[in-house]
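S.K.: A single structure is presented below for examination.
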Amino acid sequence: MESRALSDAQISASSEWDPNHAAIQGRLNFQAGDGKSGAWSAKQNDQNQWLQADLGCSKKKITHLAMQGRNAYNQWVTNYKVEYSNNGASFHCYQEHGIDKVCELTYNCLVHPTGNLLRPILRCIFFRIFFFPHP
């Protein structure tokens, strides 16, 4: 997403706080400016909020995910999970060893994005990142 290989139209979210916190601002290294926040922010603070990428017409291989806190603010997520789909309607939770994987970020990732290696590798057309509520 950071490289802009995905168009803005391919990035969506369950909700947006307002137009200045839009889904497209969920790209890695998105910088605040021109009235735009340095991150996507959901309207609700609950486990049902997600950021989604539509990878196009065919399955793509996803080997890593990187997370970063909100630019210009002391805010970042601490836990998230990933779901994936090949049709955009039926999603499956990413698992490791048959167990739904909850990824944890144990430090402030505002300055240096932190990533997770995905094993097994995902092959999908859509993926969603569900963020756990923050305090």
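Just so you know, all these numbers are worked out from the coordinates, no wet-lab data involved. Just so it is clear, the model here is predicted, and its values are computed rather than measured. All Cβ positions, even for glycine, are placed from backbone atoms using ideal geometry, and neighbour counts span all protein chains on display.
S.K.: Taking the Cβ of Ile99 as the center, what net charge do the other residues with Cβ under 15 Å away carry, scoring Lys and Arg +1 and Asp and Glu -1?
M.R.: Here the charged neighbours net out to -1.
S.K.: Which pairs in the list Lys60/Lys81; Lys36/Lys59; Lys43/Lys81 are over 22 Å apart, alpha-carbon to alpha-carbon?
M.R.: Lys36/Lys59
S.K.: Separate question: Sum up the charges of everything whose Cβ sits under 11 Å from the Cβ of Arg119, counting Lys and Arg as +1 and Asp and Glu as -1, but leave Arg119 out. Could you put the intermediate results ahead of the total?
M.R.: Details: positive: Lys101; negative: Glu96.
In short, 0.
S.K.: Pick out, in residue order, every one of the trypsin sites (Lys or Arg not before Pro) in region 7-47 that is DSSP loop and has at most 15 other C-beta atoms within 10 Å; say none if there are none.
M.R.: Lys43
S.K.: Let me ask something additional. May I ask you to sort Trp76, Trp50, Trp17 by Cβ crowding, counting other Cβ atoms within 10 Å and putting the fewest first? Show your work: numbers first, answer last.
M.R.: Values: Trp76 18, Trp50 21, Trp17 15.
Going from least to most buried by this count: Trp17, Trp76, Trp50.
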